[in-house]
Amino acid sequence: MVTVMAEKKKKIVKTIKVDLDKCNGCRACEVICSAFHAEPKYSSNNPARSRIRMIRHPIRDVYVPVYAGEYTSAECMGRDKYIIDGKEYDECGFCRASCPSRDAFKEPDSGLPLKCDMCEDDPPREKPLCVEWCLNDALIYEEREEEVDEEVKMEDVEIGLTSLIDKYGKEKVIDTITRMAEKGKNP
Amino acid sequence: MRYAETGYNLEIDLARGNVERAETDPKATELHLGGLGTNAKILWERVPPEIDPFSPDIPLMFSSGLLCGTPAPGANRTIITAYSPQTLLMGYSMMGGFWAPELKHAGYDKVIFRGKSPDLVYIWINNDKVEIRDASHLRGKGAVETQELIRQELNQPNAQVAAIGLAGENRVYTASIEQGRSSASRLGLGAVMGDKGIKAIAVRGTKDINIAKPAEFYELCTEVLKYIKYRNEHPVPNVMTILQGLGSPQEMLHTDEKWHTENFMWGNARVRRKDFWNKQIEDRWKEVQESVRTRLISCYNCPMKCGAIISVPGISTYMMKCFSKLTYTMAAFVDDLDFGFKIAQRATEYGVDGFSTPQIMAFAFELKDAGILTDADFEGCPSDSEGKFYWLLDRIVRREGIGDVLADGIHWAAQKIGKGAEEYAHNNIKKHEQLPLKLGMLNPVYFLMYATGEKINITQIEGQFPQSPFATMEERQEFISDWIQVPDEKFKQIVLDWEFRGERSNPYYPTVDMSVDIVDWQEKMHYIDDSLGVCAGLSSFPLKPPYHMHNYPKIISAATGMDLDEAGLTQIYNRNRNLVRAINVRRGLRRIDEKPPQDHWKKRFPELEEQLLDAYYKFKGWNNDGVPTKETLEALDLGYIAEDFEQRGIYDEEPSTKKASA
């Protein structure tokens, strides 16, 4: 991974406060997230592509909206399981990683990892759509300013390729791209 | 590309174990939308009317609505259709929850079963992979329990499962189909599912649903959502609490049950307890409800909270919605709500309709008190009010002894028992148990809705016109001031003029013609909802809903790419309304059957009631026996139905009311 260190910079930290007690489990967040990220925008929807997932087990009263975080090529050495106020949550039930241990946060057809981008848009939105569509206020958007070291972000393509390389090896990925280019196929 | 819909149905032949993915005709969508509309078309086409509801040829359909799975809030209903073993008419029962959107994402609009499986099976639909799997290990398991066992067995925590319990397996006529917090309860379709040997249908889908005009559709959905927010913050004033908000009645939220317990009937829909509610009861009921209610929950993509997770210590957790906390409690004359939550848990696992089943039991105990049923029929039955209801519920669901007779519902049980039992079957319409409500003065609008409803359940036809007049002119003005949903300004005037007493009051006001207009509007919204799969709780059912005649055509057009305006949508409604009526006409439904219970109102007006029916039929373009005329059908592209009626001699029949009096 290539990271370039930059000067200290002012940065807006975007936070979504998740109130589990207020969640009614409707999955509107998943619906609208996937619609927003469709190409063209809103042209399709599919919770399986959503960057927020309801980890939901009604009978056990488990209702946890989780946001897609970083992609990781290997799962953790162990798994965590939280018990809060006597209620047991699922294994990795609060984890945001797109990871080999589960199918969450991966494109269903390509397996490429997904990550929440807070509905980056031009012009910028006031708040992410999942928050707007959550009328029960289980998701609350907050911003604050922080001074941080800014790191140059990998382009989306690079993130995708890195994950493919992790999965299949560098050679196989290069071979495939070359072969496809030769055939004139554009995936 | 097909928009909003997938364009494919899953056809499953249970006898041969054959599974087929069949492309559907886009023309059918243009004519009928989807859901109820296209289900009705298939039912009309595939089987002749003489068929028995338990014939292997019966197509049992699990359908999504046209908008299900799109971002349209509350578009999540599954419309299940076959013939009802109880009414013998078209049975269409619906459930909310999460099943229909999942089916769409798996790539199908409907699942259509035919034939019967020789062994108990469950169906596993995982995108393109569909399996018919052995369910012998699930025989007798609870409907809620089964959903969980299947998810575990498949290792698919995100699969949505619709299942029957013991009642469906045993073909109890009030058997429901349960799915999460939702159930398709009315008209016994759980029995048809059990008869076909299907214990459950599990589905998981990860495909896209496409939208024709993305930006427009998104804007329209956002407006709907904004209006829901506005309505949640602005309850309708001057009406009782449960009518103020959106959604189905917020029975899981509210604990004040003075109105229901003192105005609805106890036992076999007969006894009113006007002084039931007091401080002690109020405190106890509040305490009970709040202690068992773990969380208020919703269906797919809906901000409302009409359901709840119910955890009663010592018994397994289940989910509840609407009114069932009270139906068992009041039918059994039990003064503690604790009983309601406990017996509903068992009833939900058995998978029975929480409206009909308690009434059947109350009916049976009334017959016992009257000496029509004997002690021998109740051998082993405890004598306490709670114990005897548990005992009888077990007998009915297992079809043991008297339970076997009662499992066919009040109408058929009364016929079988005889000895005057028919007199006690006083609360049915078209052989189906009704809400335990008995009132004073005839309401002409409700008379028509009760009499002519094809769903045979008042909550599935009543809607957004106020149930009673407002007391003052100020209140009326306030009500109509932001009433954007009216399809025509004339409805506002009716509200302004409607009085409690005098010339402009029930039963002669709203006038006959106004009543017909009002009913047509209410029906229209329900028929559209049921074809789109949008929950009535956000549309046809509550006052001032977010979906209405003015935004629906735009929403449907943007989602599907169809070019639809209000007139076009009304035409589709009329087509679907007449198609459903035609199916039932072919099954023998006539004017003579269109009767609310005789004791529903104390004050009845036979002449006016005839005028109301005359006018309603005329408005619909039906003959005086409730049969759509040839001209009406042809104008709706339903000429094939008119031909069928002609061939069967339906137009040449003597009027049903005349035949009955002869």
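The values are calculated or read from the model by the stated rules, or taken from the named source; none is laboratory data. The shown structure was predicted, so the numbers you read here are calculated from the model rather than taken from an experiment. No Cβ is skipped: glycine too gets one built from the backbone with ideal geometry, and neighbour counts run over all protein chains shown.
Residue count for the range B:559-583 satisfying the condition of being among the small types (G, A, S), more than 13 Å from B:L633 (Cβ to Cβ) and in contact (Cβ under 8 Å) with a residue 40 or more places away in the chain: 2. A Cβ distance below 8 Å, combined with a sequence gap of six or more or placement on separate chains, defines the contacts here; from the range B:125-154, residues that are within 14 Å of chain A (Cβ to nearest Cβ) and charged (D, E, K, R) reach residues that are in a strand (DSSP E or B) and surrounded by fewer than 17 Cβ atoms within 10 Å (Cβ to Cβ) in the pairs B:D128/B:R21. Given the structure, is A:A74 assigned to a loop (DSSP other than H, G, I, E, B), at pLDDT 90 or above, more than 16 Å from the chain's Cα centre (by Cα) and among the small types (G, A, S)? Yes: the conditions hold for A:A74. Tallying residues that are of a type in the set (S, T, Y) and touching a strand residue (DSSP E or B) at 6+ places or on another chain (Cβ under 8 Å) within the range B:622-644 yields 2.
Show me the helices (runs of 4 or more DSSP H) entirely contained within the range B:549-662 in which 2 or more residues are exposed (fewer than 14 other Cβ atoms within 10 Å of the Cβ).
Numbers: elements: B:552-560, B:566-586, B:606-620, B:630-635, B:639-648, B:656-661.
The qualifying helices (runs of 4 or more DSSP H) are B:566-586, B:606-620, B:639-648, B:656-661.
When residues in the range B:191-241 are screened for being farther than 30 Å from B:H254 by Cα, away from chain A (no Cβ under 14 Å) and in a helix (DSSP H, G or I), 5 of them pass.
Got at least one residue in the range A:138-159 being within 14 Å of another protein chain (Cβ to nearest Cβ) and under 19 Å from the mean Cα position of the chain (by Cα)?
yes
In the set (1) more than 26 Å from B:P101 (Cα to Cα); (2) in contact with a strand residue (DSSP E or B) (Cβ under 9 Å, 6 or more places away or on another chain); (3) in contact (Cβ under 8 Å) with a residue 24 or more places away in the chain, the condition left unmet by A:E75 is number (2). Among the residues of the range B:321-337, some residue qualifies, meaning at least one is modelled with pLDDT under 95, under 27 Å from the mean Cα position of the chain (by Cα) and within 14 Å of another protein chain (Cβ to nearest Cβ).
Which residue out of B:E499, B:E423, B:E462 is part of a helix (DSSP H, G or I) and not polar (S, T, N, Q)?
When all the criteria are applied, what remains is B:E423.
Taken over the range B:65-80, residues that are in contact with a Lys or Arg (Cβ under 9 Å, 6 or more places away or on another chain) and within 14 Å of another protein chain (Cβ to nearest Cβ) amount to 3. Among all residues of the range B:260-278, there is at least one that is out of contact with any Phe, Trp or Tyr (no Cβ under 8 Å at 6 or more places or on another chain), free of Cβ contacts under 8 Å to residues at least 40 places away in the same chain and crowded, with 17+ Cβ neighbours inside 10 Å.
Take B:E102 and tell me if it is in contact (Cβ under 8 Å) with a residue 60 or more places away in the chain, of a type in the set (D, E, K, R), buried (at least 24 other Cβ atoms within 10 Å of the Cβ) and not in a loop (DSSP other than H, G, I, E, B). For B:E102, the condition - in contact (Cβ under 8 Å) with a residue 60 or more places away in the chain, of a type in the set (D, E, K, R), buried (at least 24 other Cβ atoms within 10 Å of the Cβ) and not in a loop (DSSP other than H, G, I, E, B) - is met.
Of the residues making up the range B:121-148, those that are surrounded by fewer than 19 Cβ atoms within 10 Å (Cβ to Cβ) and aliphatic (A, V, I, L, M) number 1. Restricting attention to the range A:7-52, the residues being within 9 Å of chain B (Cβ to nearest Cβ) and more than 21 Å from B:F217 (Cβ to Cβ) number 4.
Restricting to the range A:88-107, count the residues that are surrounded by 18 or more Cβ atoms within 10 Å (Cβ to Cβ) and within 14 Å of chain B (Cβ to nearest Cβ). Before the answer, list the steps.
The first filter runs over the range A:88-107 and keeps only residues surrounded by 18 or more Cβ atoms within 10 Å (Cβ to Cβ), leaving A:89-90, A:92, A:95-99, A:104-106.
In the following step, the residues that additionally are within 14 Å of chain B (Cβ to nearest Cβ) were identified as A:89-90, A:92, A:104-106.
Qualifying residue count, the range A:88-107: 6.
The requirement of being under 20 Å from B:L166 (Cβ atoms), more than 14 Å from chain A (Cβ to nearest Cβ) and within 19 Å of the chain's Cα centre (by Cα) is fulfilled nowhere in the range B:362-370; no residue meets it. Selection of the range B:62-97 for residues being under 17 Å from the mean Cα position of the chain (by Cα), in a loop (DSSP other than H, G, I, E, B) and closer than 19 Å to A:C33 by Cβ yields B:G74, B:N76. A single member of B:I211, B:I198 is within 18 Å of B:S63 (Cβ to Cβ), surrounded by 24 or more Cβ atoms within 10 Å (Cβ to Cβ), among the β-branched types (V, I, T) and more than 17 Å from the chain's Cα centre (by Cα), and it is B:I198. Any residue in the range B:476-483 that is in a loop (DSSP other than H, G, I, E, B) and either in the same structural domain as B:A362 (by TED's automatic domain parsing) or among the charged types (D, E, K, R) (or both)? Yes: one or more hits.
For the range B:603-610, does any single residue satisfy the condition of being under 23 Å from the mean Cα position of the chain (by Cα), of a type in the set (F, W, Y) and under 28 Å from B:A425 (Cβ atoms)? Break it down stepwise before answering.
Our first condition is that a residue be under 23 Å from the mean Cα position of the chain (by Cα); within the range B:603-610, this holds for none.
Scanning the range B:603-610 turns up no residue that is under 23 Å from the mean Cα position of the chain (by Cα), of a type in the set (F, W, Y) and under 28 Å from B:A425 (Cβ atoms).
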